[in-house]
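The values are calculated or read from the model by the stated rules, or taken from the named source; none is laboratory data. Fair warning: this is a prediction, and the values are worked out from it, not measured in the lab. As a convention, Cβ positions derive from the backbone with ideal geometry for all residues, glycine included, and neighbour counts pool all protein chains shown.
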């Protein structure tokens with residue numbers, strides 16, 4: 001593990017065509033890392049995420065993805081993801097293959113991946129049309145005879161999460177809503193963790209997830225890197241941004257102009273925040 | 001929303017109040033965002049202070065002071081009795097059979113209470129790509145009772161779903177802006193009307209021949225204490 005700039009981590013650890021999971025369940029969504037994937041022009045990615053929201057809308061709309069593995073794709077509390085819908089409904093900017101699961105199935109698949117087991121098992125995917133549209137099989141419990149669902153383990157090439165803190169040796173601590181981040185890092189062949197700050201010493205917190213330095217490939221300082229989601233103890237969720245995203249993302253040209261100005265024309269997360277502030281400031 | 005002027009409350013408020021009244025003190029309730037969250041929070045602030053709110057983000061026993069915009073808002077974690085990981089939430093708590101009531105919404109519902117939140121049109125070439133199942137498929141299997149909240153229209157109440165995302169086996173009640181449906185011998189049947197709606201309204205907003213109970217009830221309109229508690233819950237600020 002090394003503490004490195006995010007641009008360097010993405011250059012060295014994420015290749016075109018990789019299976020990449022950016023996780024964070026509403027909280028600690030690694031937006032800064034998503035933006036860096038866009039800046040470096042990654043193509044043909046299989047994007048994995050339980051809740052593809054604004055961060056994947058941006059990656060899909062910028063043509064980074066070939067395939068999406070997911071369980072719920074929307075703008076939470078607001079409505080549709082227009083770039084995701086445009087890709088699925090009209091193939092713009094490129095067709096997007098879908099592998100669709102339920103949350104319980106995705107969670108079991110990540111947990112199996114973290115345990116290096118071939119599949120996860122759950123009582124789910126019963127009836128309905130989803131089982132015939134996705135990768136799931138029925139297995140029989142060898143002890144009770146109960147029929148259960150088996151989902152193939154999620155083993156991304158690269159797992160990317162955001163956390164509040166790392167220490168100088170690269171040990172990571174995150175807390176609040178912890179989602180599926182631990183499983184994502186442990187299930188992935190390589191991992192990148194962006195953090196709000198590097199501290200001398202991690203102060204233990206109740207309910208926190210600690211990822212030792214030796215299970216993480218790169219720790220990258222990215223203060224504000226979860227925006228517009230939030231970092232518990234650092235800043236709140238920018239609900240207004242999620243509402244505003246509906247209009248920005250609805251139109252292809254407005255979307256592209258927004259991404260140009262705030263992502264492609266900025267070098268890093270600090271410049272991204274400066275460009276948002278410049279836009280919001282009265283002229 | 002002319003209904004507010006006519007009756008002093010909106011259709012959404014009637015739906016939230018009707019749903020909240022069905023939650024008992026101590027009911028453990030899996031809630032999504034929107035009307036279900038409103039209904040469950042209202043119950044906790046009126047007749048059911050011991051109602052336990054579980055959000056799929058991993059917050060168990062959340063007690064928000066304002067309505068969250070997302071299921072993972074920070075206040076849910078700050079006010080929760082416990083915060084668990086997402087795999088734990090679905091495996092230990094939902095699949096473990098610890099949730100009494102799960103609220104679901106959808107784009108489409110059929111006469112058996114099965115729901116579609118996946119696509120409108122064919123799966124491979126959808127007219128509208130909807131968000132997908134999320135937590136719903138296993139909520140529909142894992143809880144004791146499913147409550148559905150859905151505005152009544154022919155677009156939503158269809159004779160055949162475009163896609164079956166969740167099964168209707170555990171649907172005990174469907175609360176709409178016109179009234180209340182419950183399964184009778186496996187088919188959703190109109191059992192109550194909200195003030196101001198008629199059987200004809202409900203029938204014309206349903207895409208199948210809607211059965212109507214012999215003894216049709218009328219929902220008690222929202223009481224002043226319910227309305228004031230409801231309106232005190234405000235969605236957190238937008239810029």
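A few notes on this one:
- Extreme residue, nearest to the other protein chains (Cβ to nearest Cβ), among residues of the stretch A:233-280 that are within 27 Å of residue B:80 (Cβ to Cβ) and surrounded by fewer than 20 Cβ atoms within 10 Å (Cβ to Cβ): A:240
- Flag set for residue B:101, criterion: more than 9 Å from every other protein chain (Cβ to nearest Cβ) and touching a strand residue (DSSP E or B) at 6+ places or on another chain (Cβ under 7 Å).
- Leading residue by the ranking (farthest from the other protein chains (Cβ to nearest Cβ)) among those in the stretch A:81-92 that are in contact (Cβ under 8 Å) with a residue 60 or more places away in the chain and assigned to a loop (DSSP other than H, G, I, E, B): A:92
- Test result for residue B:229, more than 17 Å from the chain's Cα centre (by Cα) and modelled with pLDDT under 95: yes
- Residues satisfying the stated conditions in the stretch B:23-51, i.e. surrounded by 22 or more Cβ atoms within 10 Å (Cβ to Cβ) and part of a strand (DSSP E or B): B:29, B:30, B:31
- Here B:121, B:113 are screened, and the one residue that is within 11 Å of chain A (Cβ to nearest Cβ) and modelled with pLDDT of 95 or more is B:121.
- Among the numbered conditions (1) within 12 Å of another protein chain (Cβ to nearest Cβ); (2) out of contact with any helix residue (DSSP H, G or I) (no Cβ under 7 Å at 6 or more places or on another chain), the only one that residue B:62 does not meet is (2).
- Output for the stretch A:183-229, where each listed residue is within 14 Å of chain B (Cβ to nearest Cβ) and crowded, with 24+ Cβ neighbours inside 10 Å: A:183, A:184, A:185, A:187, A:226, A:229
- Among the residues of the stretch A:209-241, the ones that are over 24 Å from residue B:69 (Cα atoms) and touching a strand residue (DSSP E or B) at 6+ places or on another chain (Cβ under 9 Å) come to 13 in all.
- Among the residues of the stretch B:110-143, those identified as assigned to a loop (DSSP other than H, G, I, E, B) and in contact (Cβ under 8 Å) with a residue 60 or more places away in the chain are B:110, B:111, B:112, B:113, B:135, B:143.
- Listed by position, the strands (runs of 3 or more DSSP E) enclosed by the stretch B:144-239 that each have at least 3 residues that are in contact (Cβ under 8 Å) with a residue 60 or more places away in the chain and buried (at least 19 other Cβ atoms within 10 Å of the Cβ) are B:171-175.
- In the stretch B:91-105, the residues that are assigned to a loop (DSSP other than H, G, I, E, B) and at pLDDT 95 or above: B:95, B:96, B:97, B:98, B:99, B:100
- Residue list for the stretch A:109-127, filter: more than 16 Å from residue A:147 (Cα to Cα) and crowded, with 17+ Cβ neighbours inside 10 Å: A:109, A:110, A:111, A:112, A:113, A:114
- Test result for residue A:108, at pLDDT 95 or above and more than 10 Å from chain B (Cβ to nearest Cβ): no
- Exactly one residue among A:15, A:77, A:41 is in a loop (DSSP other than H, G, I, E, B), farther than 18 Å from residue A:267 by Cα and out of contact with any helix residue (DSSP H, G or I) (no Cβ under 9 Å at 6 or more places or on another chain), and that residue is A:15.
- Selected residue (criterion: nearest to residue A:131 (Cα to Cα)) from residues of the stretch A:57-69 that are touching a strand residue (DSSP E or B) at 6+ places or on another chain (Cβ under 6 Å) and either facing chain B (nearest Cβ under 8 Å) or surrounded by 24 or more Cβ atoms within 10 Å (Cβ to Cβ) (or both): A:65
- Within the stretch A:234-283, tally of residues that are outside any helix (DSSP H, G or I), more than 20 Å from the chain's Cα centre (by Cα) and at pLDDT below 95: 3
- Candidate set from the stretch A:111-135 (those that are over 19 Å from residue B:169 (Cβ atoms) and assigned to a loop (DSSP other than H, G, I, E, B)); member that is farthest from the other protein chains (Cβ to nearest Cβ): A:118
- Of A:65, A:21, A:32, all but one fail to be closer than 23 Å to residue B:121 by Cβ and touching a helix residue (DSSP H, G or I) at 6+ places or on another chain (Cβ under 7 Å); the exception is A:65.
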